[in-house]
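*Asks:* Structure in structure tokens, see below.
The values are calculated or read from the model by the stated rules, or taken from the named source; none is laboratory data. Just so it is clear, the structure is predicted and the values come from calculations on it, not from any experiment. Cβ atoms come from the backbone with ideal geometry, glycine included; neighbour counts cover every protein chain shown. Side chains included, ligands, DNA and RNA excluded: accessible areas come from the protein's heavy atoms. Shrake-Rupley method; radii C 1.70, N 1.55, O 1.52, S 1.80 Å.
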Amino acid sequence: MKDTVINSLNTIHPLSDNLKFFLLNNLKPVTLHKKEIFLKQGEISNKVSFIISGLLRAYYITEEGIDTSVWFMKEGDISISVRSFFERKPSEEFIEAIEDTVLLYITYDELQKAYDLFPEFNIVGRRFTEKYYVLSEERLLGIRNKKAVERYKFLLKHHPEILLRAPSQYIASYLDIDKATLSRLKSKM
């Protein structure tokens with residue numbers, strides 16, 4: 001498992017042998033069962049996780065008690081509560097396993113140490129930041145500003161695996177539509 005992460009990172013930017021050794025010694029596995037909460041609202045996110053297998057979602061609960069999905073991440077992605085992790089503040093979201101999920105993670109302090117000790121890792125971090133910032137903007141522009149049918153088509157085009165793997169109520173909340181509308185859209189497409 002650790003070799004998978006090392007090889008993936010190495011394709012982004014070559015890693016020194018010392019950095020590979022550091023990561024091999026600091027990456028820790030965790031297995032989450034379906035519906036298990038990895039991060040609770042109000043906790044400070046202290047882990048950046050590489051998803052080996054499975055599917056996660058981030059969500060928050062509105063003041064009205066409505067469960068609203070914010071993002072989905074699958075194998076090959078990184079999971080993090082961005083604001084909480086980098087600003088060291090309590091999380092506004094939950095992170096939950098939608099499927100049985102295997103992660104490898106390093107802590108905030110270990111990530112900072114890697115950045116300090118291994119300059120090439122800063123390039124890897126920057127490229128991940130760029131990738132996920134683009135995904136965030138894509139979500140904002142591709143989903144939040146469109147009509148329901150356009151939001152569904154966007155998800156179908158860019159992330160069809162989510163439609164196959166996530167429960168309808170989570171997809172509906174992510175698309176900001178009700179389950180009946182989602183059902184109609186699925187049957188039309």
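*Asks:* Enumerate the calculated ³J(HN,Hα) couplings along segment 64-78 in order (Karplus 6.51 cos²θ - 1.76 cosθ + 1.60, θ = phi - 60°), each rounded to whole Hz, writing x wherever the residue is Gly or Pro.
*Replies:* Calculated HN-Hα couplings, in order: 7, x, 8, 7, 10, 6, 9, 7, 10, 9, 10, 3, x, 9, 10 Hz.
*Asks:* Return, for the Cα atoms of segment 114-164, the radius of gyration and Dmax in Å, separated by a comma.
*Replies:* 15.7, 48
*Asks:* Now, a different point. Around residue 100, under 15 Å between beta carbons, what's the net of Lys plus Arg minus Asp minus Glu among the other residues?
*Replies:* So the surrounding residues net to +1.
*Asks:* A follow-up question, please. Which of these, 162, 66, 171, has the largest mean-square fluctuation under a Gaussian network model of the chain (Cα springs below 10 Å)?
*Replies:* Looking only at 162, 66, 171, the largest GNM fluctuation is found for 66.
*Asks:* Please compute the length gained on full extension between residue 68 and residue 135, using 0.36 nm multiplied by the number of residues separating them and subtracting their Cα-Cα distance. Can you show the working numbers first?
*Replies:* Working: separation 67, 0.36 × 67 = 24.12 nm, distance 1.81 nm.
Going from the current span to full extension adds 22.3 nm.
*Asks:* Taking the Cα atoms of segment 101-189, what is the range of coordinates along each of the three principal axes, in descending order and whole Å?
*Replies:* Ordered largest first, segment 101-189 gives principal extents of 54, 27, 17 Å.
*Asks:* Amide H to amide H, which residues 5 or more places from residue 100 or on other chains are under 5 Å from it, using H placed in the peptide plane?
*Replies:* Placed amide hydrogens put 34 under 5 Å from residue 100.
*Asks:* Would you mind telling me the share, in percent, of accessible area of the chain contributed by carbon and sulfur at probe 1.4 angstrom?
*Replies:* Here carbon and sulfur together make up 53 percent of the probe-accessible area.
*Asks:* If I model a spin label at residue 36 and residue 113 as a point 7 Å from the Cα along the Cα→Cβ vector, what separation in nanometres do I get?
*Replies:* 2.5 nm
*Asks:* Quick check for me: using +1 on Lys/Arg Cβ and -1 on Asp/Glu Cβ, what's the dipole size of the chain about its Cα centre, in debye to the nearest 20?
*Replies:* About 680 debye.
*Asks:* How much space per residue, in cubic angstrom, does the convex hull of the C-alpha atoms of segment 31-173 take up?
*Replies:* 115 Å³
*Asks:* Semi-axes of segment 93-143's equivalent ellipsoid from the Cα gyration tensor, sqrt of 5 times each eigenvalue, largest first, rounded to whole Å?
*Replies:* 25, 19, 9
*Asks:* Accessible area per residue of the chain at 1.4 Å probe, in Å²? Please list the in-between numbers first.
*Replies:* Working: 10410 Å² over 189 residues.
Per residue, the chain has an accessible area of 55 Å².
*Asks:* Rounded to whole Hz and in sequence order, give me ³J(HN,Hα) for segment 18-28 from the Karplus expression 6.51 cos²θ - 1.76 cosθ + 1.60, θ = phi - 60°, writing x for Gly and Pro.
*Replies:* Couplings: 5, 5, 4, 4, 4, 5, 4, 7, 10, 5, 10 Hz.
*Asks:* Quick one: among 54, 65, 76, which has the greatest mean-square fluctuation in a GNM of the chain with alpha-carbon springs under 10 angstrom?
*Replies:* Looking only at 54, 65, 76, the largest GNM fluctuation is found for 65.
*Asks:* What full-extension length gain, to one decimal in nm, is calculated for residue 1 and residue 184 as 0.36 nm per residue of separation minus the Cα-Cα distance?
*Replies:* 61.8 nm
*Asks:* Okay, moving on. With 10 Å bins from zero, work out the P(r) of segment 1-106 over every alpha carbon pair and list the percent per bin.
*Replies:* Each 10 Å bin holds this share of Cα pairs: 15, 43, 31, 9, 2, 0.
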